[in-house]
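Structure first, commentary second.
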Amino acid sequence: MGFKNRFGLTQTTRPNEHLPDGASSSISIHAADELRVFQKQHRWDPFLDNDKLDSIENAIQSESVEKQAKVDGALIQEDSPYAEVRAAVPPSDDADMPVNTIRAWFLGTVLCTIVAACNVLLSMHRTSANISSTVVQLIAYPLGVGMAKILPDTEYNLMGLRFNLNPGPFNVKEHTIITVMTAAGTAFSYAIDILLAQEVFYHQHFRWGFQILLIISTQAMGFGIAGVARRFLVWPSSMLWPANLVTCTIMYSLHNHVVPAEAAETNGWVVSRYSFFLVVALVTFVYHWIPEVFAQFLQIFTFACWIAPNNVIVNQLFGGFTGLGLIPVTFDWMVVSSWLGSPLQSPLFAILNMAFGFFICILGAIGLAYAGPEFYRYLPLSANKNWDRFAKPYDTSRILTPEYTVNESAYQEYSPILLGATFSLSYAMSFATLISTIMHCALFYGPDIWRRTRDFKSEEPDVHLKLMRHYKEAPEWWFASIFLLSFVFGIIASQVWPTHLPWWAYVVCILIALVFFIPIGIIQAITNQQPGLNVITEMIFGYMYFMPLHLMLPGRPVAMMLFKSWGYMTCFNGLNYISDMKIGHYMKIPPRTMFAAQAFAVVWLSIVQICTYNFLIGNIEGICTEEQAQGLVCPNALTFYNASVIWGVIGPKRVFGVGGIFAWINWFWLIGFLCPLIQYLVARRYPRSFARYIIWPAIFSACGLVPPATLYYMLPWVVVGVIFNGWIRRRYFGWWSQYNYVLSGALDIGSRLCVVLVALALGLSNRDFPQWWGNTVMNETLDRSGRAVQKRFIPNTTEPIGPSNW
């Protein structure tokens, strides 16, 4: 059996595909040295199975020049070492293909404007839908093709600058630039939620100057960090960013209409990727009107709860709203992919890590609910709420002074904050996620990070990095300058206006983003999942402000929101931008063109979102109230407001500190520290064992999503992912290589386009869904009403739950 067949390296023939210059050459006499470097740099790479690593080692030890050259050519010279990348990105580049064209910039600017404005509006709606970049990717294609047919093919000269409105057929690189520019617009800014909470709930109005400085600083600082971090998260071939492979596959599918050369290579299928994509996307779009509008029981198909709607145990174990969802049946792709993205784009080892995390969550929730403290029996298992000792949602207004600080006597008379079973675990796992992320990256990737810090050219280049080195690089000082400028914008916003955020606290929140950026980026680039900084930023702020020096400082809630936004969103936005940079890397977009497109989009989307925000606030009556006619109730801003009160006023010390109700959660800092350490010691002793595939940050972060999600949304993701990236990939590798990512993109685009139209057609018009059994049965259960509790709290009869002193 040949080397490529043995490793599953054979790939479907693509039209017009050619190897890069020198890639098919006589392999270098230094093949053995390249293999040694590759082996060292990919020692812990979970994408490389043991057979590949063993064959590399055998080739090195064999001292056979021919064998070493063959292995080196297949893994490094000719194509990517990863089957996932080979299935999505050809190992070639057309350097003469037009990319920095007027029509690309025109479409990118127009679509970025429309999408950024629409997503601000949709984020305020009760459904909180959004127009994703995958939807725009589909819309941009016919627009680009249409412009190529309409615009004149004439060269113009403007003050010595020559340009052509129609330099040829609309191509895949132009399409990529448009998508990347628009992707920035789809990233709804946290700053909008801050402004809503600030103006609607706290009645503070800082106006345009503050608004623009705030949003640009949160967006642009992340972009600046991303550009400097490319040597760690973009250029190494081991940083795959699996979700981007779907984007690349759709790009090539839309621009390549040729059927596979041999049906045998695709398990008998001969349909082109383009036709397959269009058919699946259209069928998905039409079908999803059924579960989204006409038969909503197909979304949350908890038939066990319909059979026994008033049985507490059944609703707790099998419910999809506040239960554990242990029978994960759904006929809605949005349920499968809404929280973790498409499972088809995540590698099997990442899916199994997440599955283990969900298993821990299930066991932990059952243990707390049935054997934990008594107050858990009065609360739903899974609910995104804080509770008081009367088993009611926590009423923050009862403990606030007019200056939005805690009224200590009112707090003692009212209640401590109580959390449900899965919410308690969510905080615990969030603590473990953060420390395990640092430990995992330090132990397994620390030497690589240090090496790339000293010399970015030390990376053994794969074929894609070699091709990208033909272009002029965007210097890191460009990105550093943007970071420094936006950092100054943030300082001005926090200090000139009365935000009550000291300058040193501002510096601390930016340092948090800087410290966690690369570790979190590594985890996301490998597993597709991003551990969040929202909890740690809230906690650090809460402890800082409850030091004796700041105990009487007013205005803490607003300061907390700003601290969280700069700390969390600088990292979050930056990782979104660096993910797009990896798309540009795969699609061979010149780095300087990529820089210009992203830098423009960062600034432009900020201006568009602020303009849209002020227009909506000034022209829509009753916005962010339950009575708003079009359903613009601002659910995200309300969550932001509640979090600001809890963390900025009550503070984490009362909840998680020594003697607090949930002090036990702090043990998960130690658990998160020890688990990667033990794994590393085992992996060093047994380097080919399963230990090299364990990623504790992914395991812990799985539980961290529940709530706001419920396990009912997570378990179907695992099942579908194991089927496609486990069973189908092994048994029908040819079909998987050709169609898996196309299928993922088509399902995402079709379903999300339907959801956006439903939100616009029914949500904003305030129309009701059809009323019949299929749209009401799931709402008539204890699970849906949040009353699936073991013990019912009866006012004036039941003793208050929770501790007697707090």
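The values are calculated or read from the model by the stated rules, or taken from the named source; none is laboratory data. Keep in mind the model is a prediction, meaning the values are calculated, not measured. No Cβ is skipped: glycine too gets one built from the backbone with ideal geometry, and neighbour counts run over all protein chains shown. Side chains included, ligands, DNA and RNA excluded: accessible areas come from the protein's heavy atoms. Shrake-Rupley method; radii C 1.70, N 1.55, O 1.52, S 1.80 Å.
Counting other C-beta atoms within 10 Å, and keeping those with at most 14, which DSSP coil chymotrypsin sites (Phe, Trp or Tyr not before Pro) do you find in segment 714-802?
Qualifying residues, ordered by number: W772.
Tell me, which longest segment in the chain has none of the trypsin sites (Lys or Arg not before Pro) that fall in DSSP loops with at most 14 further Cβ atoms within 10 Å?
Formally, the longest exposed-site-free interval is 1-468.
Just to confirm the number: angle between the C-alpha axis of helix 31-41 and the first principal axis of the chain, 0 to 90 degrees, nearest 10?
Roughly 0 degrees, rounded to the nearest 10.
Show that you can apply the helix-only estimate: for the chain, add -39,500 (n - 2.57) for every DSSP H stretch of four or more residues, divide by all residues, and state [θ] at 222 nm to the nearest 500.
Helix-only estimate at 222 nm: -18000 deg cm²/dmol.
How big is D for the chain, in µm² s⁻¹ as a whole number, if Stokes-Einstein is applied with the Kirkwood radius of its Cα pairs at 4 °C and 1.567 mPa s?
46 µm²/s
Over segment 470-606, give the accessible area per residue in Å² for a 1.4 Å probe, as an integer.
Per residue, segment 470-606 has 33 Å² of solvent-accessible surface.
Taking the Cα centre of the chain as origin, work out the dipole magnitude from +1 charges on Lys and Arg Cβ and -1 charges on Asp and Glu Cβ, in debye rounded to 20.
In debye, rounded to 20, the chain gives about 820.
Specify whether the C-alpha gyration tensor of segment 655-806 places it in the rounded, prolate or oblate class, a ≥ b ≥ c being the square roots of the eigenvalues: rounded for a/c under 1.5, otherwise prolate if a/b is larger than b/c and oblate if not.
oblate
Over the chain, with every protein chain in place, what whole percent of the accessible area is carbon and sulfur at 1.4 Å, could you tell me?
63 percent
Apply the Kirkwood formula to segment 413-510: the hydrodynamic radius equals the inverse of the mean of 1/r over all pairs of different alpha-carbon atoms; give it in Å with one decimal.
By the Kirkwood definition, the hydrodynamic radius is 18.8 Å.
Return one number: the angle in degrees, 0 to 90 and rounded to the nearest 10, between the long axis of the Cα atoms of helix 635-645 and the longest principal axis of the Cα atoms of the chain.
Its long axis makes an angle of about 60 degrees.
Write down the accessible area per residue of segment 196-349 in Å², having rolled a 1.4 Å probe over the full set of protein chains.
33 Å²
Return the long-range amide H neighbours of S189 (sequence gap of 5 or more, or a different chain), with a cut-off of under 5 Å between placed amide H atoms.
none
Over 26 Å between C-alpha atoms is what I'm after, so list which of K40/K70; K40/K582; K149/K466; K385/K791; K52/K173 land there.
Pairs exceeding 26 Å: K149/K466; K52/K173.
Output the Kirkwood hydrodynamic radius of segment 173-320, Cα pairs only, in Å rounded to one decimal.
Hydrodynamic radius (Kirkwood, Cα pairs) of segment 173-320 is 21.3 Å.
Cα axis of helix 534-545 to longest principal axis of the chain: angle in degrees, 0 to 90, nearest 10?
Once rounded, the angle reads 50 degrees.
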